[in-house]
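Written below as structure tokens is the structure these notes are about.
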Amino acid sequence: MPPPLPSLISLRRPENGPPEPEDIFGSSLGGIFTDDLQNSYGDDPDTTIIYKSHRFGDLEFAAADVRGEEQRRKFAHYLWNAGILMAELVAGRVEEGKVEGVVDGEAKDGENGVFGAGKMGHGEDEWGKEKWWVSKEEEQLWSVQGQTVLELGAELYAGVGLAGIASALSGAAEVTITDYPAPPILSAITTNVSKNLPGHIKSHVTIHGHSWGDLSTPFAIENAHRFTRILAADCLWMSDQHDNLAQSMLHFLSESPDARVYCIAGFHTGRTRLAPFFQEVAPESGLEIEEIYEMDGMGKCRVWVNEKSGVEDIGERNKWLVVARLKRQGS
């Protein structure tokens with residue numbers, strides 16, 4: 001099994017600022033409540049979120065410095081496990097323990113991330129052929145290499161752009177990262193793109209504001225049916241936005257029969273918030289589910305169910321994600 005999703009994230013606090021009591025308590029929850037699995041990270045624009053990618057080394061992200069209730073309500077100042085798993089799947093496994101990452105064709109010694117190999121925090125043997133999130137056959141179905149990719153970030157884990165950045169590093173031909181059109185959120189994404197992508201890759205990445213369902217903007221009009229891969233991580237928690245989200249997916253999704261929507265979402269707001277999207281909204285909007293299942297933060301999988309009898313334990317449900325690939329009906 002792969003390492004737990006939370007083990008791929010670390011936080012670096014400002015050197016001149018002591019940790020807040022909430023930070024100390026939050027970091028110790030795993031030791032206090034051993035059955036719980038952390039599922040969100042961030043909430044402080046001064047704290048750097050470090051994603052320890054097995055393929056690209058350490059990538060550093062700043063969360064959005066949100067202001068006002070409207071922007072905070074989008075939870076754009078967090079990174080969630082769904083976004084981490086999306087990045088893992090689109091990046092793919094490392095072949096024979098190789099860590100990629102060069103700048104202008106030349107790695108810098110002793111540095112991490114795309115600027116060199118660096119230390120991974122878990123041994124090469126731990127990423128053996130049978131110890132990754134999905135099989136090699138399914139891995140190919142999550143590939144973004146050579147694809148035109150749209151990240152529909154947005155009403156939730158936005159302000160980070162992790163999945164879009166991972167796609168760019170993984171060989172996507174073009175990447176467009178969208179999020180809720182608020183300056184602090186788009187500014188954070190711009191910073192993260194500049195920090196993690198070398199120039200020859202960054203030139204293929206663009207950032208735009210987009211509100212789901214608003215298809216009358218110049219950006220939406222110019223990019224109708226443009227993208228062969230659409231990424232949506234933790235975008236399902238607001239059930240009143242499901243219709244708008246599906247409209248954006250279909251509007252931007254290429255009409256190629258090979259075009260796919262990758263959708264991953266956590267159960268932290270409850271199964272009843274997520275299920276209607278797959279059960280009703282997606283098929284009624286013209287989307288077809290190619291595959292859907294549930295996976296926990298340790299890589300364990302189980303069959304997807306729309307509802308469960310009784311009340312799901314909050315701590316238990318927070319461990320799980322719904323993982324799905326969708327396509328146009330009839331394609």
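The values are calculated or read from the model by the stated rules, or taken from the named source; none is laboratory data. If you're wondering where the values come from, they're calculated on a predicted model, not measured in any experiment. Every residue, glycine among them, receives a Cβ derived from its backbone with ideal geometry; neighbour counts consider all protein chains shown. Areas reflect the complete protein model, heavy atoms only, side chains present, ligands, DNA and RNA absent. Shrake-Rupley method; radii C 1.70, N 1.55, O 1.52, S 1.80 Å.
A few remarks follow.
- Every condition in (1) among the polar types (S, T, N, Q); (2) over 30 Å from Asp58 (Cβ atoms); (3) surrounded by 20 or more Cβ atoms within 10 Å (Cβ to Cβ) is met by Ser216 except one, and the failing one is (3).
- Inter-residue pairs, beta-carbon under 7 Å, first under 22 Å from Leu236 (Cα atoms) and among the small types (Gly, Ala, Ser) and in region 191-215, second open to solvent by less than 60 Å² (accessible area, probe 1.4 Å) and part of a helix (DSSP H, G or I), 6+ apart: Gly209/Leu186; Gly213/Asn244; Gly213/Ser248
- Selection from region 225-244 of residues that are touching a helix residue (DSSP H, G or I) at 6+ places or on another chain (Cβ under 8 Å), in contact (Cβ under 8 Å) with a residue 40 or more places away in the chain, farther than 20 Å from Ser331 by Cα and surrounded by fewer than 24 Cβ atoms within 10 Å (Cβ to Cβ): Trp237, Met238, Asp243
- Ala158 vs. criteria modelled with pLDDT of 95 or more and surrounded by 20 or more Cβ atoms within 10 Å (Cβ to Cβ): no
- Region 277-321 - residue that is touching a strand residue (DSSP E or B) at 6+ places or on another chain (Cβ under 7 Å) and either among the small types (Gly, Ala, Ser) or assigned to a helix (DSSP H, G or I) (or both) and, of those, surrounded by the most Cβ atoms within 10 Å (Cβ to Cβ): Ala282
Residue-wise test of (1) modelled with pLDDT under 80; (2) in a helix (DSSP H, G or I).
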{"position": "Pro6", "(1), (2)": "no, yes"}
{"position": "Ile24", "(1), (2)": "yes, yes"}
{"position": "Asp46", "(1), (2)": "yes, no"}
{"position": "Lys52", "(1), (2)": "no, no"}
{"position": "Ala64", "(1), (2)": "yes, no"}
{"position": "Gln71", "(1), (2)": "yes, yes"}
{"position": "Phe75", "(1), (2)": "yes, no"}
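- Where a residue in region 50-62 is on the phi > 0 side of the Ramachandran plot and of a type in the set (Asp, Glu) and its partner, wherever it lies, is modelled with pLDDT of 95 or more and not in a strand (DSSP E or B), with Cβ under 8 Å and at least six apart: none
- Condition met for Val175 (touching a residue at least 12 places away in the same chain (Cβ under 8 Å) and under 18 Å from Ala232 (Cβ atoms)): yes
- Which listed residue is within 22 Å of Thr190 (Cβ to Cβ) and of a type outside the set (Lys, Arg), from Ala232, Ala246, Ala265, Ala224: Ala232
- Of the numbered criteria (1) open to solvent by less than 10 Å² (accessible area, probe 1.4 Å); (2) hydroxyl-bearing (Ser, Thr, Tyr); (3) part of a helix (DSSP H, G or I), the one Thr178 fails is (3).
- Filter result for Leu141 (in contact with a strand residue (DSSP E or B) (Cβ under 7 Å, 6 or more places away or on another chain) and exposed (fewer than 15 other Cβ atoms within 10 Å of the Cβ)): yes
- Breaking point among (1) within 24 Å of Glu174 (Cβ to Cβ); (2) over 19 Å from the mean Cα position of the chain (by Cα); (3) of a type in the set (Gly, Ala, Ser), for Ala275: (1)
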